[in-house]
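Enquirer: Below is a structure I'd like to ask you about.
The values are calculated or read from the model by the stated rules, or taken from the named source; none is laboratory data. What you see is a predicted model; the values in this text were computed from it and never measured. With ideal geometry, Cβ positions are generated from the backbone for all residues, glycine too; neighbour counts draw on all protein chains shown.
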Amino acid sequence: MINISVQNPEDALIDAKVVNASSTVLKRSAQALDTNLLSFTREEYYKNTLSYLQEESSVVRQGKLNFQKLASEAAECFSRTPSASYILGAFQVGEVACAKKKERKQRAKQEIERKSQPENVTCNKEEDDIEDSVHYIMNVLTAAYRQNKNKPICFFKLVINPDSFGATVENIFHVSFLVRDGYVNLSWDENRFPVIAPVPRNAIETKYEQQKRQMILGIDMKKWEELKKAFEIREAMIKPRSIDATQESSN
Amino acid sequence: MNMFGMHMRSKTFFWRASTIEEGNEIMASKSAQEGHLSSQEEENLINDTVRYILSHDNTKYAIKRQDIVKDVLKTYGGSSKYIIDGATRVLKEIFGMKLVAVEQNSNVKHYMLINNEKFSTDARYMKWPKEVESQQVLLMLTLSLIFMKGGVESEEDMLSFLSNLGIMSKNRSHEYFGDVWKLLTGEFVRQMYLEHVRIPELDPPKFEFRWGRRAEEEVSRRSLLEFVSLVYGTDPKNWTTQYQEVLQTEKNKREKEM
C-alpha cells in the first residue's frame, strides 16, 4: 500500500476542502433546524420584551425603558452568593508601631546619665510656640497695665483681634495659661465687664494663698462681631506671631 | 430566611462550630498518620481558608488554587487538598454555599462559590446592590438569547439584539447598565458567566458568545425559559427543544449530587 504513489495530490487537496466546507454547511443547517412548536427568532424576542416592558410601566418616560422592572425576574434565575464588603475600604496597618519599638530598644541600651536628655528633646515645637506666645502676652499685658496707670485692663480689649476670629480664640487660650498659673488676676469692674491685671512678681510666690479665680467664657463669631462693635476695637493688642495668623490678619 | 438569603441553620453560626470539631476528631486520626498538623492547626487553617474564600468571593472572579496555597496554607501546601475539602464542608454545612472546582486538564485550577440553597419563589424578593441588579438583568437577557439559540450566538447577532432593545449604543454607556460591551467581553467573561471565543478558521476573525462555567452552575435554565415564555405570553412547554434541555440539565444535576 505504501508503495502506491499519489497520482494527483492537487485533487486530493481539493477533495479535502470540499469535505470540510460541506461539513460546515451541514453543521450550520443542523443548528438552524428547529423542531419546536414555536420557533424562536431574535426579532420576535426583542419585540416581545419591549412590549412587555412598556405595558408594565405605567408611564413610559420619554421613550426610556425602565429595565429595572425585570430585576425580580432576573434575581430568580441566579443562585448567587451574597458577599460582604467593607464599609470603609482597606485598612492599612501603619508603620508607627514598628518605629516606636525601635526607639525603645535603643533607649534601653543608653546609659542612665543620658536619661534626662530625651526628656528635654521630647518637648516639641508646638509646645515651645505656646510658651513663647504666653510670655509675649504677659509682656504686652504688663506694658499696657503700666500705661494704664496700674489699673486693670478690659479683658476683651486685650484678647480680641478684629481681623481674625481664630487669632482671638488663640489669644483667649494663651491667656488661660496665665490665669491657671496665677500670673494674672481676673476680676469684674464697676460695669460688670471682665478685667485683667498682672500679678506683681513677689506675690506670685504665694499664689496658693490667693483665691483661684477662673472665668468660663463662650464666644462665637456673632458674639465676636458684637464685642468688636461694643468696645470699638480696631487694632489687636496682641500681635499675631505665627505665619498663619499674619496671613489671616492681612486678609 | 434572613436578609442574606440563606436559611439559618439550627447549628451555630460561628467559626468554631461543633460540627468542625466533630469532623476534625474523625479526621484527626488521619492527620496523625500524616504526622504534619495538629487538629488545632488544621482547624485554624480550614477557618482561614474559608475566610479567604468568602472575602475573595466579592468580585466573583475565580479563586486560584495557587493563591490559596500561597496566601493561606504557605508551608502546609502539601495538605492543600485535605484542607480545601474541609473548607468545602464548612462552606456547605454552615454557610449553605457550594465550592465548585473548575478543572482544566484534570487539574483543579480555580474555585468559585455558588449558593447552595434551593429557593422556591423567595429568590425574586432578594434585594441585591444596584450594580449586581443591573448586571443580573443584562445577563438574563444575554444568557436567555444564547440558550434559546441552542447554546451559541454570534457577536453580531448579540450586538443587534441589544441595540434593538435600546441597551447597546457604541461610545455611550447606558443609564441603567453602564458600559455594556465592556461588561459582556470583559467583566462577565472574567466572572465566568460568559465565554467570548473566536470562531476558528475564519478570516476576518469573528467571535461568538457561549455560556460560561459559572452560568452553568448558577443559572437556572428553567427560570430563563419561564421569562421568555412570560414575554411571549405562552407556556414554557411549547418550546419543545429548549424544554427538553431544561429537563436534561436538571436530571444531570440531580445525578451529580448523589
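Enquirer: Test each condition in (1) under 22 Å from B:Tyr193 (Cα atoms); (2) touching a residue at least 60 places away in the same chain (Cβ under 8 Å); (3) surrounded by fewer than 16 Cβ atoms within 10 Å (Cβ to Cβ) for B:Thr142 and report the one that comes out false.
Expert: Among (1) under 22 Å from B:Tyr193 (Cα atoms); (2) touching a residue at least 60 places away in the same chain (Cβ under 8 Å); (3) surrounded by fewer than 16 Cβ atoms within 10 Å (Cβ to Cβ), B:Thr142 violates only (3).
Enquirer: List the pairs whose first member sits in region A:191-207 and is over 21 Å from A:Phe156 (Cα atoms), whose second member is part of a loop (DSSP other than H, G, I, E, B) and modelled with pLDDT of 70 or more, and whose Cβ atoms are under 6 Å apart, counting only residues at least 6 apart or on separate chains?
Expert: So the pair list comes out as A:Lys207/A:Gly182.
Enquirer: Restricting attention to region A:17-66, which residues are within 51 Å of the chain's Cα centre (by Cα), of a type outside the set (A, V, I, L, M) and at pLDDT below 85?
Expert: Of everything in region A:17-66, those that are within 51 Å of the chain's Cα centre (by Cα), of a type outside the set (A, V, I, L, M) and at pLDDT below 85 turn out to be A:Gln54, A:Glu55, A:Glu56, A:Ser57, A:Ser58, A:Arg61, A:Gln62, A:Gly63, A:Lys64, A:Asn66.
Enquirer: Would you check which residues across region B:137-153 are under 15 Å from B:Thr185 (Cα atoms) and either charged (D, E, K, R) or under 17 Å from the mean Cα position of the chain (by Cα) (or both) and list them?
Expert: B:Leu138, B:Leu139, B:Thr142, B:Leu143, B:Glu153
Enquirer: Just one of (1) at negative phi; (2) of a type outside the set (Ser, Thr, Tyr); (3) modelled with pLDDT of 90 or more trips up B:Met192, so point out which.
Expert: Just one mismatch for B:Met192, condition (1).
Enquirer: Still on this structure: Could you say whether any residue in region B:103-114 is of a type in the set (Ser, Thr, Tyr), farther than 24 Å from B:Leu230 by Cα and either in contact with a strand residue (DSSP E or B) (Cβ under 9 Å, 6 or more places away or on another chain) or assigned to a helix (DSSP H, G or I) (or both)? I'd like the intermediate steps shown before the answer.
Expert: The first filter runs over region B:103-114 and keeps only residues of a type in the set (Ser, Thr, Tyr), leaving B:106, B:111.
Imposing the further condition that a residue be farther than 24 Å from B:Leu230 by Cα reduces the set to B:106, B:111.
Checking the rest, the ones that are also either in contact with a strand residue (DSSP E or B) (Cβ under 9 Å, 6 or more places away or on another chain) or assigned to a helix (DSSP H, G or I) (or both) come to B:111.
Within region B:103-114, one or more residues are of a type in the set (Ser, Thr, Tyr), farther than 24 Å from B:Leu230 by Cα and either in contact with a strand residue (DSSP E or B) (Cβ under 9 Å, 6 or more places away or on another chain) or assigned to a helix (DSSP H, G or I) (or both).
Enquirer: Would you point out which residue out of B:Ser134, B:Ser160 is among the small types (Gly, Ala, Ser), crowded, with 16+ Cβ neighbours inside 10 Å and assigned to a helix (DSSP H, G or I)?
Expert: Details: B:Ser160 fails: crowded, with 16+ Cβ neighbours inside 10 Å.
Going through B:Ser134, B:Ser160 in turn, the sole match is B:Ser134.
Enquirer: Let me spell it out: the conditions are (1) closer than 30 Å to A:Lys17 by Cα; (2) in contact (Cβ under 8 Å) with a residue 12 or more places away in the chain; (3) within 12 Å of chain A (Cβ to nearest Cβ), and B:Pro200 meets all of them except one. Which number is the exception?
Expert: Just one mismatch for B:Pro200, condition (2).
Enquirer: Right, something else. Right, B:Met27: under 30 Å from B:Phe188 (Cα atoms), at pLDDT below 80 and not acidic (Asp, Glu) or not?
Expert: No: the conditions fail for B:Met27.
Enquirer: Moving to a separate point now. Of (1) surrounded by 17 or more Cβ atoms within 10 Å (Cβ to Cβ); (2) part of a helix (DSSP H, G or I); (3) under 16 Å from the mean Cα position of the chain (by Cα); (4) not β-branched (Val, Ile, Thr), B:Leu99 satisfies all except one. Which?
Expert: (2)
Enquirer: State the number of residues belonging to region B:231-258 that are assigned to a helix (DSSP H, G or I) and at the interface with chain A (Cβ under 7 Å from one of its Cβ atoms).
Expert: At the first step, the residues of region B:231-258 found to be assigned to a helix (DSSP H, G or I) are B:231-232, B:236-238, B:240-257.
With the extra rule that they be at the interface with chain A (Cβ under 7 Å from one of its Cβ atoms), the set shrinks to B:231-232, B:238, B:240-241.
The qualifying residues number 5.
Enquirer: Would you be able to say whether some residue in region B:183-200 is part of a helix (DSSP H, G or I), over 14 Å from B:Leu138 (Cα atoms) and polar (S, T, N, Q)?
Expert: no
Enquirer: Let me ask something else. Filter region B:102-136 down to residues that are more than 9 Å from every other protein chain (Cβ to nearest Cβ), free of Cβ contacts under 8 Å to residues at least 24 places away in the same chain and under 16 Å from the mean Cα position of the chain (by Cα), then give me how many there are.
Expert: Of the residues in region B:102-136, 1 are more than 9 Å from every other protein chain (Cβ to nearest Cβ), free of Cβ contacts under 8 Å to residues at least 24 places away in the same chain and under 16 Å from the mean Cα position of the chain (by Cα).
To keep it simple, each residue is scored yes or no on (1) under 30 Å from A:Ala71 (Cα atoms); (2) of a type in the set (Ser, Thr, Tyr).
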| residue | (1), (2) |
| --- | --- |
| B:Ile46 | no, no |
| B:Ile53 | yes, no |
| B:Thr59 | yes, yes |
| B:Ile63 | yes, no |
| B:Lys70 | no, no |
| B:His110 | yes, no |
| B:Tyr125 | yes, yes |
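Enquirer: Output the number of residues of region B:150-179 satisfying the condition of being of a type in the set (Val, Ile, Thr) and closer than 22 Å to A:Gln54 by Cα.
Expert: 1
Enquirer: Oh, and also: For region A:63-93, give me the residue count where each residue is in a loop (DSSP other than H, G, I, E, B) and small (Gly, Ala, Ser). Before you say what the answer is, go through the steps one by one.
Expert: Taking region A:63-93 as the starting set, the residues that turn out to be in a loop (DSSP other than H, G, I, E, B) are A:64-66, A:79-93.
The next check asks that each one be small (Gly, Ala, Ser); those that pass are A:79, A:83-85, A:89-90.
Number of matching residues: 6.
Enquirer: Would you point out which residue out of B:Ser106, B:Ser173, B:Ser169, B:Ser163 is modelled with pLDDT under 85, polar (S, T, N, Q) and touching a Ser or Thr at 6+ places or on another chain (Cβ under 8 Å)?
Expert: Numbers: B:Ser106 fails: touching a Ser or Thr at 6+ places or on another chain (Cβ under 8 Å); B:Ser173 fails: touching a Ser or Thr at 6+ places or on another chain (Cβ under 8 Å); B:Ser163 fails: modelled with pLDDT under 85.
When all the criteria are applied, what remains is B:Ser169.
Enquirer: Criterion first (at pLDDT 90 or above and among the hydrophobic types (A, V, I, L, M, F, W, C)) does B:Ile114 satisfy it? Steps first, please.
Expert: Working: at pLDDT 90 or above: no; among the hydrophobic types (A, V, I, L, M, F, W, C): yes.
Taking the combined requirement at face value, the residue does not satisfy it.
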